[in-house]
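The values are calculated or read from the model by the stated rules, or taken from the named source; none is laboratory data. Please read these numbers as outputs of a predicted model, since none were measured by experiment. So basically every Cβ, Gly included, is an ideal-geometry build from the backbone, and we count neighbours across all protein chains shown.
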Amino acid sequence: MNTPGAIKTHKRKRIGELLIQAGIIDHAQLQHALKIQKQEGGKTVELLIRLGYIDKESVSKFLSTQPGTPSIELANYTICPEICKLIPRDFAVENELFPIDKLGKLLTVGMAFPLDLETIQKLEEITGLKVKALLCRPDDIKDAFNQYYRHDTSADGPDPEAAAKLKEALTRLEDIGALLRKIDALPTLPKTVQRAQEAASSPYTAMTDIAAIVSEDPAISAALLKLSNSSAYGFRSQVTDVKTAVTLLGLKETCSTVMSSAIIDLTEKSKVFDHERFWTESMFCASAARQIAVARGEQKPSAIFTAALLSDIGRFALAEAAPERYAKLDKALAGPALKDAEEELLGIGHPEAGYVLATHWSLPDQITKVIRFHENPKRATAYKDFSAIVNIAARMAEFQFSGQEAGEEQFESSSESLDILGLSSQDAARLYADTVKAVTED
């Protein structure tokens, strides 16, 4: 039987070995840290930082790539000052953690090192609550300290303006708590989609098995037949059965189509959402993303197509969770301007809400990460290229449906994404024209 001490030692060793595998430290550096740890105590990661072998930013990026380590953009949330009272300031600062929300007996905290089970256990003892730890960037936690743990130095009592802001923050927190609960309660994907996802993830699944699953759903079958007979694929003879369609399209394209059909079905059921406009814009964005991907040499850009198709699904999530308030947003807003307005009104923007929904649906990382970072690709630690492609494709969709001209100068706002992809404004304008032509022909 393992003792608790043995378990903790194994956990520390595992984290160290993972850092070695990731190329962040080498074996000698880990052994040095473990030697000091044996003499002085302390946490492996903190000792490695103190010794100068790693920095906090590297650790944060490493943790974000680890399976089972959920993360959150702390800056996107308004935190209730009352929540901060649950954790002593000194403890929070020392361990680089910050309270986010409390639902019943569950306390959600953002941590720079969410694998630190020892600190989580101490926090549970201090608060008497069950702690759920999410990964947060150290800089975001520091900013939250400065914003929410400030000391009142006024000698004349509370500032009326500050009191008003506090009241507003408390109200928004209640709204956000309810909002997140509703997002988490959004409908799961249809059984057909779940079965297809599970089958596709197995290396032993044959294409005939996938065909048998999807053929049970008339809407998905129709979508597969329509796609396989479209000019985009140009098969010599007409495809008339689902089995042939799945075989010709391949696993990735089939799964992409299955997912697309499922999202259409969900948005059509929304009572407050303009699903027709949303889906038309999303399809154009996906088509543009495919054009860009092909131009960059992607042989089967179905993953990028799907990621682009779902990139704004957070709009649907927010509209479902807070229909009356979301209806107050200016319908002409899009992209970063829409995100800013959502954050002002609801405390959360559609990229983060979409990430919550996509994670709830257990979608692949390459899709969830693009949904989260497509409005700010430079912050992505994984799938940065995908995020940049979708960022540019989203701007193209905005141009198309707002009636704006889309010359080279219009793509200057996407200069960071173009730089990531090694494209010019001239390339973007040409690809936009190609997308318009392709969509018109279909």
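Key figures for this structure:
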{"read-out": "Qualifying residues in region 88-111 (those that are closer than 29 Å to E342 by Cα and of a type in the set (V, I, T)) - the one surrounded by the fewest Cβ atoms within 10 Å (Cβ to Cβ)", "value": "T108"}
{"read-out": "Every pair of residues 6+ apart whose Cβ atoms lie under 7 Å, when the first sits in region 127-143 and is farther than 15 Å from T108 by Cβ while the second is modelled with pLDDT under 85 and among the basic types (K, R)", "value": "P138/K56"}
{"read-out": "Residue tally, condition modelled with pLDDT under 75 and not in a helix (DSSP H, G or I), over region 35-65", "value": "4"}
{"read-out": "Helices (runs of 4 or more DSSP H) (entirely within region 282-334) containing at least 2 residues that are touching a residue at least 60 places away in the same chain (Cβ under 8 Å) and in contact with a helix residue (DSSP H, G or I) (Cβ under 6 Å, 6 or more places away or on another chain)", "value": "302-309, 313-321"}
{"read-out": "Looking only at region 103-130, and only at residues there that are within 22 Å of the chain's Cα centre (by Cα), in a strand (DSSP E or B) and of a type outside the set (S, T, N, Q), the one that is nearest to F62 (Cα to Cα)", "value": "M111"}
{"read-out": "Odd one out for Q404, checked against (1) surrounded by fewer than 17 Cβ atoms within 10 Å (Cβ to Cβ); (2) modelled with pLDDT of 85 or more; (3) not hydroxyl-bearing (S, T, Y)", "value": "(2)"}
{"read-out": "Qualifying residue in region 296-305 (condition: within 18 Å of the chain's Cα centre (by Cα), at pLDDT 85 or above and crowded, with 21+ Cβ neighbours inside 10 Å)", "value": "no"}
{"read-out": "When residues of region 135-153 are limited to those that are under 18 Å from P88 (Cβ atoms) and either in a helix (DSSP H, G or I) or in contact with a helix residue (DSSP H, G or I) (Cβ under 6 Å, 6 or more places away or on another chain) (or both), the one modelled with the lowest pLDDT", "value": "Y149"}
{"read-out": "Failed condition for A353, given (1) buried (at least 16 other Cβ atoms within 10 Å of the Cβ); (2) modelled with pLDDT under 80; (3) within 22 Å of F316 (Cβ to Cβ)", "value": "(2)"}
{"read-out": "Residue list for region 378-394, restricted to those being surrounded by fewer than 24 Cβ atoms within 10 Å (Cβ to Cβ) and part of a helix (DSSP H, G or I)", "value": "K378, R379, K384, D385"}
{"read-out": "Where G68 falls short, out of the listed (1) among the small types (G, A, S); (2) modelled with pLDDT of 75 or more; (3) assigned by TED's automatic domain parsing to the domain that holds D139", "value": "(2)"}
{"read-out": "F373 aromatic (F, W, Y) and without any contact (Cβ under 8 Å) to a residue 40 or more places away in the chain", "value": "yes"}
{"read-out": "E416 assigned to a helix (DSSP H, G or I), in contact with a Lys or Arg (Cβ under 6 Å, 6 or more places away or on another chain) and touching a residue at least 12 places away in the same chain (Cβ under 8 Å)", "value": "yes"}
{"read-out": "Among the candidates E73, E94, E82, residue that is under 19 Å from N146 (Cα atoms), out of contact with any strand residue (DSSP E or B) (no Cβ under 6 Å at 6 or more places or on another chain), at pLDDT 80 or above and of a type in the set (D, E, K, R)", "value": "E94"}
